[in-house]
1. Just tell me how shielded A:43-49 is by partners: mean number of partner chain Cβ atoms within 10 Å of each residue's Cβ, no decimals.
2. Applying 1/(1 + (r/R0)^6) with R0 = 41 Å to the Cβ-Cβ distance of residue A:59 and residue B:15, what FRET efficiency is obtained, to the nearest 0.05?
3. Would you mind finding the longest exposed-site-free stretch of chain A, with exposed trypsin sites (Lys or Arg not before Pro) meaning DSSP loop and at most 16 other Cβ atoms within 10 Å?
4. Any idea what the dipole of the protein assembly as shown comes to, in debye rounded to 20, about its Cα centre with Lys/Arg Cβ at +1 and Asp/Glu Cβ at -1?
5. Search the structure for amide H atoms under 5 Å from the amide H of residue B:79, placed 1.01 Å from N in the peptide plane, and list their residues when 5 or more places away or on another chain.
6. Can you work out the Karplus-derived ³J(HN,Hα) for every residue in region B:67-81? Use 6.51 cos²θ - 1.76 cosθ + 1.60 with θ = phi - 60°, whole Hz, and x for glycine or proline.
7. Enumerate the aspartates and glutamates that residue A:18 could reach by cross-link, defined here as Cα to Cα under 18 Å, with residues fewer than 8 away along the same chain left out.
8. What fraction of the DSSP beta bridges in chain B is antiparallel, stated in percent and rounded to the nearest 5?
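The values are calculated or read from the model by the stated rules, or taken from the named source; none is laboratory data. The structure displayed is predicted, hence computed values, not measured ones. Glycine also receives a Cβ, built like all others from the backbone with ideal geometry; neighbour counts cover every protein chain displayed. What goes into the accessible areas is simple: the full protein's heavy atoms, side chains included, and nothing from ligands, DNA or RNA. Shrake-Rupley method; radii C 1.70, N 1.55, O 1.52, S 1.80 Å.
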Amino acid sequence: DVKVTQSSRYLVKRTGEKVFLECVQDMDHENMFWYRQDPGLGLRLIYFSYDVKMKEKGDIPEGYSVSREKKERFSLILESASTNQTSMYLCASSRLDSVYYEQYFGPGTRLTVT
Amino acid sequence: SQELEQSPQSLIVQEGKNLTINCTSSKTLYGLYWYKQKYGEGLIFLMMLQKGGEEKSHEKITAKLDEKKQQSSLHITASQPSHAGIYLCGAVLKTSYDKVIFGPGTSLSVIP
């Protein structure tokens, strides 16, 4: 079974704090993705990576950065958290040649910034 | 407006009833995914459709792709409480090959 895990299910941070969200997958997938999910807006892609140390901006990268130092791990960083970054964050992974294959999702991290 | 629209936004049905959820794209579809999300959790892959007219089934859930209409429908037969959750469609669009975009989701409640 493919497994994508995220470091926290729930997180509460203060405005201005630096926040790290970690995602680990165990299927040797090349592609990894970070989305945020908000009511009425669906999932929006923040960043994705198709290889170690490679990253590409998604639709809403502002205010976020990412790090992929190892194949299995993809981190999302909020340099200075703001209240409008309160959201559900979902990580996903998929095979490299696989925009046609399913993305496997983690359980999500619900982040609240106060 | 969003590139992928879903209807209805939410649905409440009695157990045993059939239901249909639609996903419509504003652009030509290259492939379409259906996912289910239990409240507050991650997404579970249901099925993927690639060709116009293609139809797939998984247990009591059937999805069909109408490429000409740029639309997919998800049909649940004899709904059960275990079907409750949020159903999201995702699409590979011909104008962007390197990512999947998602619809806003349809929330389904099944009353016993």
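1. 3
2. Values: r = 38 Å, r/R0 = 0.93.
Efficiency for this residue pair is about 0.60.
3. Result, exposed sites excluded: A:19-52.
4. On the way: 28 positive and 26 negative charges, 52 e Å.
Charge dipole, the protein assembly as shown, about its Cα centre: 260 debye, nearest 20.
5. HN-HN under 5 Å from residue B:79: B:16, B:17, B:18.
6. 5, 5, 7, 6, 9, 10, 10, 10, 10, 10, 9, 6, 4, 10, x
7. By straight Cα distance, residue A:18 reaches A:62, A:79.
8. Once the DSSP bridges in chain B are tallied, antiparallel ones form about 90 percent.
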